[in-house]
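Let me begin by presenting the structure, written as structure tokens, before commenting on it.
The values are calculated or read from the model by the stated rules, or taken from the named source; none is laboratory data. Bear in mind that the values here come from a model prediction, so they are computed numbers and not experimental data. Heads up, the Cβs are rebuilt from the backbone with ideal geometry, glycines too, and the neighbour counts pull from every protein chain shown. Side chains are part of the model used for accessible areas, which takes the heavy atoms of the whole protein and leaves out ligands, DNA and RNA. Shrake-Rupley method; radii C 1.70, N 1.55, O 1.52, S 1.80 Å.
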Amino acid sequence: MPEVIEVNSHMTTGIDMFVTNERIILLDTQPILSASVLDNLIKHDKKYPPEFSSAENCAEIQSLQMLTFLLTVCHVVLVVQDWFTDTNILRFLQTAEMLKPGTQSSSHDSSEDTHDYYPHLVFVENKASREDFGFDQFSVMEELIANALNNSKLKYRGGISMANDNLLPGFKQRTNKKESNLFLLPDLYLDQNQGISSKLPGYRGCPSFELLLQSFRNQLMSMSRSLLTHATLSEKNWLHYSARQWEAIKKSSLISEYNRLLT
């Protein structure tokens, strides 16, 4: 951990999986479109497959494959950023949506028809400033997401709201028609260190990190879950299904053509 912080690198490599006591499967991926991933490829002189013309293309296609995979096998996808927002991420989400394969049947019978499945998409800013929690600023951020994803079939609205649990007074009375799944969290370390040098805590301008996190978790757990396939999947069947989807994404002719255009 200290070594990773010292070189300003990323923690997760590839995709990690964790199963909670509630039997919820969590997937954590390495950062997408990350300079840290690209630096790791170049610095350690890692060999990338011959179909990629450069380390930059290799890093971008890796990000695209992982994002497409998440959009195919997850009920909820969290887009976590330190600030709001990187427009390249919004563009990349649309690219992944366009290139994602149709959802296959959970059975091995390839004659089954495919259908399109789209998960919930939730944006999380985990180092939000005091100004971000303001009514006007938050509405502007929601509207930007809504405009950028206006033609998307991803479920980017109607699931998560800062107005729930009365987190921010006055938000329930607003009439913003472009609400989006956007949730703000203050910087955890700044929140922990608040008031250390003073007997009185400083003004935060938002609820505590613990209260916000608890509300966020409750809202996530209560979001609706659509069927990934035509049939309900057990954990074991989901794992087999995910493995087949990953292989299909790695062999995708659409992503291969996209890579060719990057060259």
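Scan segment 39-71 for residues that are of a type in the set (D, E, K, R) and touching a residue at least 24 places away in the same chain (Cβ under 8 Å) and the total you get is 3.
Restricting attention to segment 78-89, the residues being under 11 Å from the mean Cα position of the chain (by Cα), within 27 Å of SER252 (Cα to Cα) and either among the aromatic types (Phe, Trp, Tyr) or surrounded by fewer than 18 Cβ atoms within 10 Å (Cβ to Cβ) (or both) number 2. When segment 87-114 is limited to residues that are of a type in the set (D, E, K, R) and in contact with a Leu (Cβ under 8 Å, 6 or more places away or on another chain), the one that is modelled with the lowest pLDDT turns out to be LYS100.
A count restricted to segment 215-240 and to residues that are assigned to a helix (DSSP H, G or I) and either open to solvent by less than 50 Å² (accessible area, probe 1.4 Å) or of a type in the set (Gly, Ala, Ser) (or both) stands at 5.
In a residue-by-residue description of segment 166-179, the property of being at pLDDT 90 or above and of a type in the set (Lys, Arg) applies to no position. Within segment 72-97, restricting attention to residues that are in a helix (DSSP H, G or I) and in contact (Cβ under 8 Å) with a residue 60 or more places away in the chain, the residue that is farthest from THR229 (Cα to Cα) is THR87. Total residues in segment 133-162 satisfying the condition of being open to solvent by less than 20 Å² (accessible area, probe 1.4 Å), within 21 Å of PHE209 (Cβ to Cβ) and not in a loop (DSSP other than H, G, I, E, B): the figure is 3. Filtering segment 30-65 to residues that are crowded, with 17+ Cβ neighbours inside 10 Å and among the hydroxyl-bearing types (Ser, Thr, Tyr) leaves only SER63.
Among the residues of segment 117-131, are any modelled with pLDDT of 85 or more, under 13 Å from the mean Cα position of the chain (by Cα), surrounded by 14 or more Cβ atoms within 10 Å (Cβ to Cβ) and among the small types (Gly, Ala, Ser)? No; the residues of segment 117-131 include none that is modelled with pLDDT of 85 or more, under 13 Å from the mean Cα position of the chain (by Cα), surrounded by 14 or more Cβ atoms within 10 Å (Cβ to Cβ) and among the small types (Gly, Ala, Ser).
Per the conditions (1) at pLDDT 90 or above; (2) in contact with a helix residue (DSSP H, G or I) (Cβ under 8 Å, 6 or more places away or on another chain); (3) over 24 Å from LEU121 (Cβ atoms), the sole criterion not satisfied by LEU262 is (1). None of SER208, SER242 is on the phi < 0 side of the Ramachandran plot and modelled with pLDDT of 90 or more except SER242. Restricting segment 241-263 to residues that are free of Cβ contacts under 8 Å to residues at least 40 places away in the same chain and in a helix (DSSP H, G or I), the residue that is surrounded by the fewest Cβ atoms within 10 Å (Cβ to Cβ) is LEU261. Could you tell me whether any residue of segment 25-34 is touching a His at 6+ places or on another chain (Cβ under 6 Å), modelled with pLDDT under 90 and assigned to a helix (DSSP H, G or I)? Looking through segment 25-34, none of the residues is touching a His at 6+ places or on another chain (Cβ under 6 Å), modelled with pLDDT under 90 and assigned to a helix (DSSP H, G or I).
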